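Worksheet: the structure to be examined is printed underneath.
Since every read-out is calculated from the coordinates, none of them should be taken as a lab result. Since the model is a prediction, treat every value here as computed from it, not as a measurement. Please note: Cβ atoms are built from the backbone with ideal geometry, for glycine as well, and neighbour counts cover all protein chains shown.
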Amino acid sequence: MSDDFEKNLREHLHSEAEETREFPRRLRGRIRDGIAPRTRARMAPQLALAGALVLVAVAVLAVRNPHVIFTDVPSTIKSIFQQQTPSPTPQPFTCADRSGGTIGASSQLSTIRTAPHDGYDRIVFEFSGQLPSYDLSRQDSATFVRDASGQPVTLDGSVGIKLVFRNTDAGSGVPADAKPALISVKEITQIGSLERVLSYGIGLASSQCVRVLELSGPARLVVDVATTASASTTAAPTPLPTQPAATDLGQFSCLDHSGGVDSGSAMQLTHVRIAHQAGFDRIVFEFAPQAGATAHLPAYTVSRQASAKLIKDPSGQPVTMRGSAGLRIVFHGASGATSYSESRDQTPNLPVVQEVAQLGDFEAVMSWGAGLSRASCLRTLELSNPTRLVIDVQTP
């Protein structure tokens with residue numbers, strides 16, 4: 001440290017200390033003593049003295065201009081030493097159903113927001129409380145079935161997504177229907193709210209892969225729907241081989257299926273058969289009309305699930321089937337209460353289909369579940385003489 005520099009620094013600090021009357025007299029004396037000239041020492045004491053002088057300068061500045069010390073200096077230090085945290089890598093889009101949330105958590109849907117982004121449309125479901133248990137399933141049409149009336153409703157778009165939240169309901173400010181008219185997301189409609197089971201249908205312009213995020217503070221379920229083919233193709237699962245066209249049974253698809261007709265008197269379930277065929281496991285639901293009624297296949301939905309945990313109707317009690325994935329099959333305008341006498345819980349242990357069990361039969365709404373060893377694509381066939389719904393689950 002040069003003599004001129006040390007001399008000038010001491011004089012400046014001495015002048016500042018004298019002009020700062022807010023210091024207590026004892027502290028001013030200590031400052032004057034600290035900056036009084038002394039015999040030059042070795043390098044280590046000089047460095048210690050320089051550090052002390054810097055601290056004194058900071059103290060003087062704090063009294064005369066506290067804003068600088070308590071606002072500018074910390075922010076400057078923070079900007080110097082704080083390392084930038086890299087942004088998290090976005091999760092990939094997948095062409096598969098999803099399940100999640102907290103089983104048993106009680107909550108209320110407070111708002112639904114939509115917005116376009118680069119490469120995807122975003123839907124945000126925000127809750128007060130924890131994120132409730134949910135199932136997201138994709139389907140090959142924009143037609144949904146309302147709970148619990150069973151009435152069909154067709155949304156804008158050509159395909160759809162169904163979201164079911166459990167142990168929750170919608171707040172008074174949440175609209176029952178919205179048409180954001182985004183690139184992929186065309187319409188969002190509440191299709192059910194019964195006994196704290198809340199469901200929404202989402203109409204999409206075309207079949208696209210999705211990304212699901214679970215966020216907290218507040219609890220939110222974020223559903224990103226791809227708007228470009230590149231986003232969908234990147235994370236799409238490798239399709240399983242399909243049946244040869246010569247079989248004329250149709251192609252398998254990794255989407256939910258629906259069909260049938262909800263009209264006339266309720267059809268009666270008579271048989272449930274399960275068997276393995278070359279390339280697929282087959283589940284058959286056979287029906288018969290009531291006396292004097294016309295036969296028809298009741299309205300149905302086959303929903304794929306990412307887990308083998310399903311919900312019984314109408315109790316809402318959870319049931320876990322064998323396997324790691326599942327199917328939920330719901331018939332509207334059908335019952336097996338008096339017509340079906342076979343087992344209501346079958347465990348065939350086929351390559352994919354591990355268990356098939358009845359989940360509910362209440363007011364002509366009958367539901368069954370299937371536990372699968374893996375998530376698989378489906379094919380449905382509507383047959384007559386006798387009336388049957390055939391569900392083929394693709395095997396490796």
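The residues neighbouring residue 196, those whose beta-carbon lies less than 14 Å from its own, together hold a net charge of -3 under the Lys/Arg +1, Asp/Glu -1 convention. Rounded to the nearest Hz, the phi-derived 3J(HN,Hα) couplings of segment 267-283 under the Karplus curve 6.51 cos²θ - 1.76 cosθ + 1.60 (θ = phi - 60°) are 7, 10, 6, 10, 8, 10, 10, 9, 7, 8, 10, 5, x, 6, 9, 10, 10, where x marks glycine and proline. Spin-label pair residue 194-residue 263: with each label point 7 Å from Cα along the Cα-Cβ axis, the two points sit 2.2 nm from one another. Estimated at 0.36 nm per residue, the fully extended path between residue 374 and residue 362 surpasses their Cα-Cα distance by 1.4 nm.
Residues within the reach of a label modelled at residue 156 (point 7 angstrom out along Cα to beta-carbon, backbone nitrogen below 16 Å), restricted to segment 196-224, are 201-206. Building the convex hull from the alpha-carbon atoms of segment 289-396 and averaging its projection over directions returns 7.0 nm². In this structure, residue 342 and residue 222 have a Cβ-Cβ separation that, at R0 = 45 Å, corresponds to a calculated FRET efficiency of about 0.55. Backbone geometry of segment 183-198 corresponds, through the Karplus equation with coefficients 6.51, -1.76 and 1.60 at θ = phi - 60°, to 3J(HN,Hα) couplings of 5, 9, 7, 9, 7, 10, 9, 6, 10, x, 7, 9, 6, 6, 10, 10 Hz, x marking Gly and Pro. For segment 337-354, the residues whose amide N sits under 15 Å from a probe point set 7 Å from the Cα of residue 271 along the beta carbon direction are 340-343.
Gain on full extension, evaluated as 0.36 nm per residue between residue 213 and residue 288 minus their Cα-Cα distance, stands at 22.6 nm. Rounded to 0.05, the FRET efficiency of the residue 11 and residue 124 pair, given R0 = 45 Å and the Cβ-Cβ distance, is 0.10. With a Förster radius of 45 Å applied to the beta-carbon distance between residue 251 and residue 172, the computed FRET efficiency rounds to 0.50. Only lysines eight or more places from residue 162 in sequence, or on another chain, were considered; those with a Cα closer than 22 Å are 179, 186, 309, 312.
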